[in-house]
Amino acid sequence: MTTNQSATADRTPVDSPDVCVVGAGPAGALLSHSLANRGHDVVILEAGPRFDKESRVDRMKRQIHPDRGVDEIWDMGGERDEYTNSSERPMPLNKRRVKGVGGTSLHWASVVPRFRERDFEMQNRHGVGKDWPISYADLQPYYAEAEQEIGVAGPDEAPHQPPREQGYPMDPLPTSYADKLFTKAADALGYDVQPMPMAINTGAYDRDECQGYGTCEHVCPSGGKYSADIHVEKAEAEGAKVLTEVPVQRFEHGPDGEEITAAVYATPDGETRRQEADVFVAAAGAYETPRLLLLSASDQYPNGLANSSGTVGKYVMDHGGALVIGFLPDQETHSAEYGPVISSGIQQFYDDDEDPIGGINMMLLNQAESPLAQMAMESNALGDDLLAELKRQYGGTIGASTSAEMLPREDNTITLDESKTDNHGNPVLDIDITPGQYVRDASAKAADVTTELVEEMGGRIAFEQGSHTPNADYIEPEQYGYHPMGGTRMGEDPSESVVDPTLKTHDLDNLYISGGGVFVTGGAANPTLTIMALSLKAADHIHEELQS
Amino acid sequence: MELTRRDAVTALTAAGITTTAGCAGLTGETGSDAEPMEVLVSLADVLYPSDIEPTPEFIETFMYGRITDEESYREELTAGIETLNQLAADEQGGAFHTLSADQRRSVIENTDLRTGPSEPDGSDVARVNYYLLDELLFAFYSSPTGGELIGNTNPRGFPGGFGYSPSLEQ
Ligand SMILES: Cc1cc2nc3c(=O)[nH]c(=O)nc-3n(C[C@H](O)[C@H](O)[C@H](O)COP(=O)(O)OP(=O)(O)OC[C@H]3O[C@@H](n4cnc5c(N)ncnc54)[C@H](O)[C@@H]3O)c2cc1C
């Protein structure tokens, strides 16, 4: 199947650009557009292809097909994407990240809450983790800018939200049937259900509006869901150049070791090229960025670039999960009829005074079961028998998914596995991450609250992840790897961190890092709006620097 | 109930999807002198509930409108029909579309159709499962017509708009 326009693409280095950005996900895309928009010459080097929009319907069908893996939807896997998992739990990275123009946002769910004020000062407030060198107030204008850029539908007035300076660009998504069921049960139990900020176009933005395919995660065929290819294209309209299928192999630095001189990339026809620039931004995602720095080791920097602190690849975080699915016998739940996978959440346990301290961000699901067509394909029955089976199986489900705060720990790491190489002969990344009690307590609390809600609705639990009660056969281990953060953390002290508050590396004068890797703590909010806000902030710093 | 193009076209056009893609492949002759569409209709007839009468229009719109790579799909379709006819000949002594509904059902039930693997690059039968049977099932059960039978007019995979939310049942 032809899935991209790469065969004829130009892959020659751009002549003396101002900025070279590695990675075309949300972090690279917003930053590139912000700089190109102000007249800077930007080149983006992206490891993956530019996917054809037309292929999205086909990818959506892969998602629904019972025998196709999540990794197949966006062509992940194979030698290019080899990695090692040394964690005790499965970390199916190639079902999580996407490589291509738009990055992992091609298959994200587009849930975009801001971090809370507390998330920047957990050490000060609760004696855990480490405080960020910036505060919520520093990032607040950039949150607003990011929301405007990507188009967020969210509630202006809602409890348990951080302070807002202005309204959301679009009204919240309409209340779904599942939201109504949850609200009724939550009212009885004293919990607050509130609209979730979603980067889905309800009409105000100049992309197609949501068409209700109901497959936001992992493919939005209409393009109503924001994905970062949008800002890559906007950057291109402002003159930025994008080279695709050019994985950067390493950065090279000058003789004094103070500046990056080139990003060395490989092309599909086996050539190696050098892209020079005044400023470099590593935005290759929180999995690959530490690897790239480690692969760039030199005589002067034998432990890898920007690693004089020894913290590259350390303090890696994720969010804990707590997916709970309930069944409401004899009740209609209108699963999936609504369209977007999520429209509301429960945020009151994010920043409350009760134990557990760990932040809890509960997302209420509008579809808690397999798609109807998937069930039909999965069955062996025919005709009327098949229909009867589907009638028995389908419907009546309700569920919630949670992201819960994990503390940064030095021993949760991304390193190089020298014993295994990718298709270019480079050692692959090795992830080793263990969730501690802190995040497991927060996940368990979310699982308990969801269970309580389902029981209040008159239902029973059919499937549960993240619970502390390990003796029921429906309890599954949590799923990990969705929200990688840390590994190149931010700080004032060069002996403890990789980048400074402007996201510039302490060690190299013209190397910035943009992405979840710079997070000091992980909060519970889905990370990408914060990644975007930080990227826009870094773009301002780079702009200032290029001006002077 | 006769399936028409109507429920499909509006939504697919709204989604910016070409609805004519692939139609060209439907006029080609196959080894058994049937047009591919006849074979698909005869297959859909046993896959879909008995109240449903699959029409070429429905199949054309729902299936082919969603095929992005027409060329390779046409090849799979032709190859798939050949396999199907081979199985039908072995089991029931005739080309698939010439058999009665009961005979067609027994061809499926007595082979790896449906029960066997469904893979885009698998064995001949696995590819029939993937490109013919599963495509037809996807087309129907991700359409409002199929969805409605289980009470969901906007099943996942169908671009039926967003925000449907009836009042809570008391
Ligand atoms: C299933 C799923 C659902 C999610 N849902 C949400 C959600 O609802 N809300 C939310 O906030 N977050 C969500 N996330 C997380 C979100 O996708 C990420 O936080 C976000 O994409 C990170 O952006 P990024 O630009 O830093 O990295 P990425 O999006 O991963 O992009 C990195 C890019 O860099 C490229 N790259 C890597 N290495 C190299 C190299 N050596 N040379 C050149 N290019 C390279 C990659 O190909 C990729 O395109 C979800 C994630 C998953 C897996």
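Values quoted throughout were computed directly from the atomic coordinates according to the rules given, and no laboratory measurement underlies them. Small disclaimer: the values here were computed from a predicted structure and weren't measured. We place every Cβ from the backbone using ideal geometry, glycine too, and count neighbours over all the protein chains shown.
Among residues other than residue A:345 with Cβ under 10 Å from its Cβ, the summed charge is -2 (Lys and Arg +1, Asp and Glu -1). Working from label points 7 Å from Cα in the Cα-to-Cβ sense, the residue B:109 to residue A:189 distance is 4.6 nm. Charge tally around residue A:367: other residues with Cβ under 14 Å, Lys/Arg +1 each, Asp/Glu -1 each, net -4.
Partners of residue A:391 within straight-line reach, counting aspartates and glutamates whose Cα lies under 16 Å from its Cα and excluding those fewer than 8 residues away in the same chain: A:330, A:332, A:337, A:369, A:378, B:51, B:148. With the convex hull drawn around the C-alpha atoms of segment A:188-252, the volume per residue stands at 211 Å³. For segment A:84-93, putting each phi into the Karplus relation 6.51 cos²θ - 1.76 cosθ + 1.60 with θ = phi - 60° gives couplings of 10, 10, 9, 6, 5, 9, x, 10, x, 4 Hz, in residue order, rounded to whole numbers and with x for Gly and Pro. Relative contact order, whole percent, for segment B:125-170 stands at 22, derived from Cα pairs under 8 Å and 6 or more residues apart. Under the convention that each Lys and Arg Cβ holds +1 and each Asp and Glu Cβ holds -1, the size of the dipole of segment A:368-480 around its Cα centre is about 260 debye. Spin-label model, residue B:168 to residue A:86: label points 7 Å out along the Cα-to-beta-carbon direction sit 5.1 nm apart. With K and R counted +1 and D and E -1, the other residues having a Cβ less than 13 Å from that of residue A:450 yield a net charge of -3.
If you count the DSSP beta bridges with both ends in chain A, what percent of them are antiparallel, to the nearest 5? Present the calculation step by step, with values, prior to reporting the outcome.
Details: 45 of 65 bridges.
Roughly 70 percent of the beta bridges in chain A run antiparallel, per DSSP.
How high is the FRET efficiency between residue B:82 and residue B:51 when r is their beta carbon distance and R₀ equals 41 Å, given to the nearest 0.05? Working from the Cβ atoms, E equals 0.85.
When the GluC sites (Glu not before Pro) in segment B:62-170 are filtered for DSSP coil states and for at most 11 other beta-carbon atoms within 10 Å of their beta-carbon, the remaining sites are B:169.
Where does helix A:383-393 land angle-wise versus the long Cα axis of chain A, in degrees 0 to 90, nearest 10? The angle comes out at about 90 degrees. Its residue count N sets the reference 2.2 N^0.38 Å, and the alpha-carbon radius of gyration of segment B:98-145 equals 1.23 times that reference. Along the axis of the charge dipole computed for chain A (Cβ charges of +1 for Lys and Arg, -1 for Asp and Glu, origin at the Cα centre), the listed residues A:395, A:78, A:317 are led at the positive end by A:395. Listed by chain and number, the aspartates and glutamates whose C-alpha is less than 18 Å from the C-alpha of residue A:420, apart from same-chain residues fewer than 8 away, are A:79, A:81, A:82, A:288, A:430, A:432. Taken about its Cα centre, chain A carries a charge dipole of about 760 debye when Lys and Arg each add +1 at the Cβ and Asp and Glu each add -1 at the Cβ.
Phi-derived couplings, Karplus 6.51 cos²θ - 1.76 cosθ + 1.60 at θ = phi - 60°, listed residue by residue for segment A:361-372: 10, 9, 10, 8, 8, 8, 8, 10, 9, 5, x, 4 Hz, with x used for Gly and Pro.
Label positions at residue A:411 and residue A:496, each projected 7 Å from the Cα along the C-beta direction, are separated by 2.0 nm. Between residue A:53 and residue A:117, the FRET efficiency estimated from the beta carbon spacing at R0 = 35 angstrom works out to 0.35.
Label zone (residue A:452, point 7 Å along Cα-to-C-beta; backbone nitrogen cut-off 19 Å) within segment A:343-368: A:345-365.
Could you work out how much longer the chain between residue A:156 and residue A:392 gets when fully extended? Use 0.36 nm per residue separation minus the Cα distance between them, nm to one decimal. Walk me through the intermediate numbers first.
Numbers: separation 236, 0.36 × 236 = 84.96 nm, distance 4.11 nm.
Gain on extension, residue A:156 to residue A:392, equals 80.9 nm.
Net length available on complete extension from residue A:259 to residue A:303 is 14.2 nm, with 0.36 nm assigned per residue and the Cα-Cα distance removed.
A viscosity of 0.890 mPa s and a temperature of 25 °C, combined with the Kirkwood radius over Cα pairs in Stokes-Einstein, give a translational diffusion coefficient for the protein assembly as shown of 92 µm²/s.
Counting only DSSP beta bridges with both residues in segment A:317-430, the antiparallel share comes to about 100 percent.
Look at the dipole of chain A built from charges on Cβ: of A:512, A:533, A:198, the Cα furthest out on the positive end belongs to A:198.
Can you pull the percent of Cα pairs in segment A:292-425 with separation above 26 Å? It would help to have the intermediate numbers written out before the result.
On the way: 4865 of 8911 pairs.
So the portion of pairs separated by more than 26 Å is 55 percent.
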